[in-house]
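Shown next, in structure tokens, is the structure this report addresses.
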Amino acid sequence: MPTRQDVLWQDDLCRVILVEDPDYPGFCRVILNHHVAEMTDLPPQLRIRLMEVVFAVETALRQVLRPDKINLASLGNMVPHLHWHVIPRFARDPHFPDAIWAPPRRPPQAMPADNLEALLRQALETLLAD
């Protein structure tokens, strides 16, 4: 279960949060800064910008962690506030190849994440520089 969240990057539209979850290092959320329930509630230009941020997070995670796969999800069923989950997946994680919300297939394994926060901040600053 995630224990805390750190802001890696933000602008007026959204912020990128690193979720501290030992089973899923690099698990990020891209959260809209104002209340909107669905992507189609946003004007087209803001939809495009939000997805640019989601794709930048995916790119940063791929560069820094080299996962086997990236999962993207926009759920918000419990809290209808627009946000995207960007989750690096590894063949050795507890749920792979299923969703992280499925029953686990194997016990969790320690997954190193040395300097992860700093490396992701640096990658996002580069990828999202105006």
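Numbers at a glance
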item: 222 nm mean residue ellipticity, helices alone, for the chain (DSSP H n ≥ 4; -39,500 (n - 2.57); rounded to 500); result: -9000 deg cm²/dmol
item: Loop sites in region 1-107: chymotrypsin sites (Phe, Trp or Tyr not before Pro), DSSP, at most 10 other Cβ within 10 Å; result: W101
item: Tilt relative to the chain, helix 44-65 - C-alpha long axis, 0 to 90 degrees, to 10; result: 30 degrees
item: Low-density loop cleavage sites - GluC sites (Glu not before Pro) in region 1-95, where at most 14 other Cβ are within 10 Å (DSSP); result: E38
item: C-alpha long axis of helix 116-127 to longest principal axis of the chain, angle in °; result: 40 degrees
item: Label-point separation, A110 to R49 (7 Å along Cα→Cβ), nm; result: 4.3 nm
item: Excluding exposed DSSP-loop trypsin sites (Lys or Arg not before Pro) (at most 15 other C-beta within 10 Å), longest clean stretch of the chain; result: 5-91
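Bear in mind these aren't lab numbers, they're just calculated from the coordinates by the rules spelled out. Treat the numbers as computed from the prediction; the structure is a model and nothing was measured. Backbone-built Cβ (ideal geometry, glycine too); neighbour counts: all protein chains shown.
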